[in-house]
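Taking it in order: structure first as structure tokens, then the write-up.
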Amino acid sequence: MAVDANILIFERMKEERRRGRDLAGSIEEGFSRAWTSIRDSNVSSLITCAILYWFGTSIVQGFALTLAIGILISMLSAISVSRTLLRIFVGTRPGQIKWLFGGK
């Protein structure tokens, strides 16, 4: 799921770059456009975890709890850590390479 979130974010960023936005603007717009899809997929998985935990036996409950923790951590890393690292990257020299982010 974390890979899917990052793929959604980067594809939205590339779309914005193709429309002519600068890198900083495409990062912000990419995150805002991908957020609804990421949120919906993670919430549905967390609902599944809750159902598994409620109706499952001890082994299934452990799996559900581990899965829920993994989903929450991957969502945190996909949103917070990726956004922070990309904001830092914008000001660097490699951040100015247009083809790296879908530009021509």
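The values are calculated or read from the model by the stated rules, or taken from the named source; none is laboratory data. Nothing here was measured: the structure is a model prediction, and the numbers come from that model. Virtual Cβ from ideal backbone geometry, glycine too; neighbours counted across all protein chains shown.
Couple of notes before you dig in:
- Filtered by the rule that a residue be farther than 18 Å from ILE79 by Cα and aromatic (Phe, Trp, Tyr), the stretch 14-68 gives TYR53, TRP54, PHE55, PHE63.
- Sole residue being part of a helix (DSSP H, G or I) and either in contact with a strand residue (DSSP E or B) (Cβ under 7 Å, 6 or more places away or on another chain) or surrounded by fewer than 13 Cβ atoms within 10 Å (Cβ to Cβ) (or both), chosen from ALA50, ALA68, ALA64: ALA50
- Residues that are acidic (Asp, Glu) and crowded, with 19+ Cβ neighbours inside 10 Å, drawn from the stretch 1-47: GLU16
- When THR92 is tested against (1) surrounded by fewer than 12 Cβ atoms within 10 Å (Cβ to Cβ); (2) part of a helix (DSSP H, G or I), exactly one condition is not met: (2).
- Index of the failed condition, MET1 passing every other in (1) at pLDDT 90 or above; (2) over 19 Å from PHE89 (Cβ atoms): (1)
- Test: residue in the stretch 36-44 that is in contact with a helix residue (DSSP H, G or I) (Cβ under 9 Å, 6 or more places away or on another chain) and of a type in the set (Asp, Glu): no
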